[in-house]
Amino acid sequence: MTKAIMIQGAGSNVGKSMLVAGLARAAVQRGLRVAPFKPQNMSNNAAVTVDGGEIGRAQALQALACGRDAVVDMNPVLLKPESEIGAQVIVQGQRLTTVKARDYSALKPTLLPRVLESFHRLCADVDLVIIEGAGSPAEVNLRAGDIANMGFAAAAGVPVVLVGDIDRGGVIAQLVGTHTVLPADDNALIKAFAINKFRGDPSLFSDGMDVIADSTGWQALGIVPWFADAWKLPAEDVMDIASSKGGPIKVAVPHLNRIANFDDLDPLSATPEVSVEMVRAGQPLPGNADLVLIPGSKSTIADLAHFRAQGWDIDLAAHIRRGGHVLGVCGGYQMLGQKIIDADGIEGPPGEVDGLGHLNVTTVMKPQKRLALSTATFVETGDAVTGYEIHIGETSGPDTARAWLDLDGRPAGAATPDGRVLGCYLHGLFAADAFRAAYLARFGAVTDMTYSANVDATLDALAQHLETHLDVTKLLSLAEDVRP
């Protein structure tokens with residue numbers, strides 16, 4: 001019989017995603033067949049699945065921790081913000097609609113059957129499903145129609161472990177306050193609690209653990225110290241993207257308003273020879289950058305306007321005049337062209353805008369999104385690359401004649417005649433060790449880092465970290481049989 005347990009947080013960014021990944025790896029090491037599940041996620045950092053859809057990047061990492069391929073049922077509802085007030089709704093891997101935030105509450109109840117369908121399908125061939133909540137169940141104003149936290153837990157009949165983040169302060173208030181505001185039926189679903197991100201001597205908080213346990217009646221599972229190697233794992237949230245000081249090769253990345261699929265940055269940040277600088281709004285692109293990498297965007301035209309508003313277009317032109325290199329991935333590739341044509345108004349009012357003009361290509365936005373896991377070859381060296389495509393729009397023009405990738409047997413990407421400005425739609429390039437080494441060699445780097453192996457080793461270390469500091473045996477014993 002399949003069992004399930006849900007990890008919820010007393011707030012956003014308490015480390016739920018990482019805890020689920022570590023617990024999943026720990027359970028696998030105990031001989032269990034495990035799958036991750038998140039009913040609803042909100043992120044523009046998506047992963048393409050083997051069954052042709054998209055899910056949150058965190059669930060793809062959790063699938064890796066389980067030793068399983070990522071499938072759409074692991075994250076049946078994905079919200080991808082397109083503006084300050086609206087988001088694209090992805091259901092079981094495919095776009096359903098775009099809604100404003102105030103209208104989503106009316107849509108949620110119709111999604112619960114699809115969420116439960118995915119959950120039960122996922123349960124069919126595993127021993128344990130570890131479920132991740134979203135945000136906090138203490139937002140009781142959002143409880144009606146909830147599918148992300150207690151609404152799902154109640155509908156599926158799964159027990160909950162509540163996690164508090166002590167690093168931000170006020171963790172007793174987080175947990176006891178959640179107990180206070182939750183209705184009795186929801187409180188009954190919470191069986192235990194844990195503290196995450198502790199710095200220092202955990203014994204100093206033993207009295208605090210007693211206060212929480214006495215105030216709530218929940219079992220204490222332990223205090224998890226700060227996991228120092230967390231940066232070695234792919235970042236889930238845009239809030240987690242940070243500059244990394246490494247070696248002498250400097251990669252500057254403009255932080256777009258709707259930056260998407262920024263996992264391209266993780267292998268570079270992990271490479272000892274590379275320093276990655278995230279350039280925030282109001283800051284200039286650094287003049288000493290070797291490479292400017294323009295990442296993906298959920299709203300290319302809007303982010304292009306944001307790019308210009310910061311003066312980055314002027315900085316980029318100066319960088320190129322100085323002999324610098326530029327790489328645009330997906331939305332960044334589209335921005336580098338001559339024009340972006342959106343006759344159907346997919347990203348806003350119908351029309352066309354001038355691109356940055358550094359690649360002689362034009363992009364035409366099309367309503368059909370391309371989602372594909374792809375295998376490519378770096379033409380210059382013949383090195384293999386495995387990545388994914390997730391975009392709307394088709395790009396063509398003279399510079400595509402200098403395709404620098406062979407993508408599933410077809411030319412892909414575009415390059416200027418001198419090869420210093422490149423663009424492509426393929427995410428995941430730098431996760432390929434041979435490609436990353438070959439590309440960075442043009443800046444004088446010699447690197448032999450094995451990125452995927454390092455991620456896997458870090459998941460093992462995370463599992464051991466949790467086994468050491470958390471009562472994993474007790475936590476797993478709280479999992480209950482999934483009811484039909």
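The values are calculated or read from the model by the stated rules, or taken from the named source; none is laboratory data. All of these numbers come straight from a predicted model, not from anything done at the bench. As a convention, Cβ positions derive from the backbone with ideal geometry for all residues, glycine included, and neighbour counts pool all protein chains shown. Each accessible area value is taken on the protein alone, full model and side chains, heavy atoms only, with ligands, DNA and RNA left out. Shrake-Rupley method; radii C 1.70, N 1.55, O 1.52, S 1.80 Å.
Points to keep in mind about this one:
- For Val211, the criteria (1) surrounded by fewer than 18 Cβ atoms within 10 Å (Cβ to Cβ); (2) under 30 Å from Glu54 (Cα atoms) hold in every case but one, which is (2).
- Enumerated helices (runs of 4 or more DSSP H) restricted to segment 412-484, each holding at least 1 residues that are touching a residue at least 40 places away in the same chain (Cβ under 8 Å), open to solvent by less than 10 Å² (accessible area, probe 1.4 Å) and charged (D, E, K, R): 433-440
- Scan of segment 369-411 for residues that are assigned to a loop (DSSP other than H, G, I, E, B) and more than 24 Å from Arg95 (Cβ to Cβ), ordered by number: Val379, Glu380, Thr381, Gly382, Gly397, Ala403, Trp404, Gly409
- Criterion (in a helix (DSSP H, G or I) and under 29 Å from the mean Cα position of the chain (by Cα)) met by exactly one of Leu304, Leu359: Leu304
- Contact annotation: residue pairs with Cβ atoms under 8 Å, 6 or more positions apart or on different chains, pairing a residue in segment 193-215 that is on the phi < 0 side of the Ramachandran plot with a partner that is polar (S, T, N, Q), are Phe193/Thr216; Phe193/Gln219; Ala213/Gln219.
- Within segment 307-344, being assigned to a strand (DSSP E or B) and at pLDDT 95 or above holds for His325, Val326, Leu327, Gly328, Val329, Lys339, Ile340, Ile341.
- Matching entry among Arg308, Arg280 (being in contact (Cβ under 8 Å) with a residue 12 or more places away in the chain, farther than 21 Å from Leu429 by Cβ and among the charged types (D, E, K, R)): Arg280
- The residue that is farthest from Pro39 (Cα to Cα), counting only those in segment 123-143 that are buried (at least 22 other Cβ atoms within 10 Å of the Cβ) and of a type in the set (A, V, I, L, M), is Ala138.
- If you go through segment 68-101 and pick out every residue that is surrounded by fewer than 18 Cβ atoms within 10 Å (Cβ to Cβ), modelled with pLDDT of 90 or more and part of a loop (DSSP other than H, G, I, E, B), you end up with 1.
- For segment 269-300, filtered to residues that are open to solvent by 10 Å² or more (accessible area, probe 1.4 Å) and part of a helix (DSSP H, G or I), the residue that is farthest from Gly357 (Cα to Cα) is Ala270.
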